[in-house]
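The values are calculated or read from the model by the stated rules, or taken from the named source; none is laboratory data. Remember, predicted model here, so these are calculated numbers, not experimental data. Neighbour counts are summed over all protein chains in view; Cβ atoms, including those assigned to glycine, are modelled from backbone coordinates with ideal geometry.
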Amino acid sequence: MAQVPPPGSVVVADWHRCKDSKEYFSKILHKKRRRNFGLLESPVMPPNVAVDTVHYKIFISGKTGVGKTTLAARLAGLNIPNMHYETTGIETTVVYWPVKLRESGRVLFFRLQLWDCGENALRRFDHLLPSCKEQVDAVLFLFSFTDRTSFDDLSNQIAKWTGTCASRVVKLVVGTKFDLFMHCDVAERDVRDFQETWGLPVLRMGGEVSDGLGDVSPLLNCLAENLWYQDCVAAGSSSYHSQQETGTLY
């Protein structure tokens, strides 16, 4: 497994709570709620504030019913469906997230295009998974804390992403419905054993949604941190510091 940077070592954690972040986060908010960005839209900063945008493609993987569509909507600040429905094809969602690099203090806008495809559609149509894998930068492997079979299926999901190209793809695991502890089917001990075996970060997402950024910031910051670190590693460890100083983008 690829090396994972220590949390908070690359980007400033909880930067959205800092005073100097307000100018940037205001561009992804409207009346204290998240803006909905289309495929051709982006945050607009004042001319005197130069901010580069880095683009990444993220695939959301998981069994039916674990909350893939809900997670995409939640990360984008969109309305979450009241009823579960099976995604019939590929749905894409654009998320913008400003990040401050810890060492250089440089600010970047991460443009994350989330790809969500229904499990049944992937089984029926052979061309969908290759389309999702094409030029992908990261995969979010989802399981539900209320569904043991989805947790046991993680190894099968990860096995689909083995190989030379897949080694350069950021991999994170997300446990959904974490707040439904009365119906929890996956113990913390199982999660710790999984992390020791696979060496992948496991993040937790509950069902309750606030109008703020605190419920999504841990996952978005972790994703941004691992993506940027992976790019630095791909460029060569010797150029890690120079990339942050000179502003080389990929």
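Quick one: which residue in Leu78, Leu39 is surrounded by fewer than 13 Cβ atoms within 10 Å (Cβ to Cβ), among the hydrophobic types (A, V, I, L, M, F, W, C) and at pLDDT below 90?
Values: Leu78 fails: surrounded by fewer than 13 Cβ atoms within 10 Å (Cβ to Cβ).
Of Leu78, Leu39, the one residue that is surrounded by fewer than 13 Cβ atoms within 10 Å (Cβ to Cβ), among the hydrophobic types (A, V, I, L, M, F, W, C) and at pLDDT below 90 is Leu39.
Filter region 65-107 down to residues that are β-branched (Val, Ile, Thr), in contact (Cβ under 8 Å) with a residue 24 or more places away in the chain and under 16 Å from Leu223 (Cα atoms), then give me how many there are.
Going through region 65-107, the residues β-branched (Val, Ile, Thr) turn out to be 66, 69-70, 80, 87-88, 90, 92-95, 99, 107.
Next cut, in contact (Cβ under 8 Å) with a residue 24 or more places away in the chain only: 66, 69-70, 80, 87-88, 90, 92, 94-95, 99, 107.
Those left that are additionally under 16 Å from Leu223 (Cα atoms): 94-95, 99, 107.
Summing the residues that are β-branched (Val, Ile, Thr), in contact (Cβ under 8 Å) with a residue 24 or more places away in the chain and under 16 Å from Leu223 (Cα atoms) in region 65-107 gives 4.
Say whether the condition of being among the aliphatic types (A, V, I, L, M) and modelled with pLDDT of 95 or more is met by at least one residue in region 45-58. Explain how you work it out, then say what you get.
Step one: filter region 45-58 for residues among the aliphatic types (A, V, I, L, M), giving 45, 49-51, 54, 58.
Then keep just the ones that are modelled with pLDDT of 95 or more; that gives 54, 58.
Taking every residue of region 45-58 in turn, at least one turns out to be among the aliphatic types (A, V, I, L, M) and modelled with pLDDT of 95 or more.
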Residue ranges of helices (runs of 4 or more DSSP H) in region 20-131 with at least 3 members charged (D, E, K, R): 119-124
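Within the bounds of region 189-201, is there any residue that is within 25 Å of Tyr96 (Cα to Cα), at pLDDT 95 or above and either in contact with a Cys (Cβ under 6 Å, 6 or more places away or on another chain) or aliphatic (A, V, I, L, M) (or both)? Give the derivation first.
Our first condition is that a residue be within 25 Å of Tyr96 (Cα to Cα); within region 189-201, this holds for 200-201.
Applying the additional criterion that residues be at pLDDT 95 or above yields none.
Among the residues of region 189-201, not one is within 25 Å of Tyr96 (Cα to Cα), at pLDDT 95 or above and either in contact with a Cys (Cβ under 6 Å, 6 or more places away or on another chain) or aliphatic (A, V, I, L, M) (or both), which makes the answer no.
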Among (1) assigned to a loop (DSSP other than H, G, I, E, B); (2) more than 30 Å from Ser155 (Cβ to Cβ); (3) not hydroxyl-bearing (Ser, Thr, Tyr), there is one condition Gln3 misses while meeting the rest; what is its number? (2)
Between residues in region 26-42 that are touching a residue at least 12 places away in the same chain (Cβ under 8 Å) and under 16 Å from Leu112 (Cα atoms) and residues that are of a type outside the set (Phe, Trp, Tyr) and part of a loop (DSSP other than H, G, I, E, B), which pairs lie under 7 Å by C-beta distance while being six or more apart or on different chains? Lys27/Pro43; Lys27/Val44; Lys27/Met45; Ile28/Arg35; Ile28/Pro43; Arg34/Gly77; Asn36/Leu78
Assuming Val51 fulfils every condition listed in (1) in contact (Cβ under 8 Å) with a residue 40 or more places away in the chain; (2) out of contact with any Phe, Trp or Tyr (no Cβ under 6 Å at 6 or more places or on another chain) apart from one, which condition is it? (2)
So Ser167 fits all but one of (1) modelled with pLDDT under 90; (2) among the hydroxyl-bearing types (Ser, Thr, Tyr); (3) outside any helix (DSSP H, G or I); what number is the exception? (3)
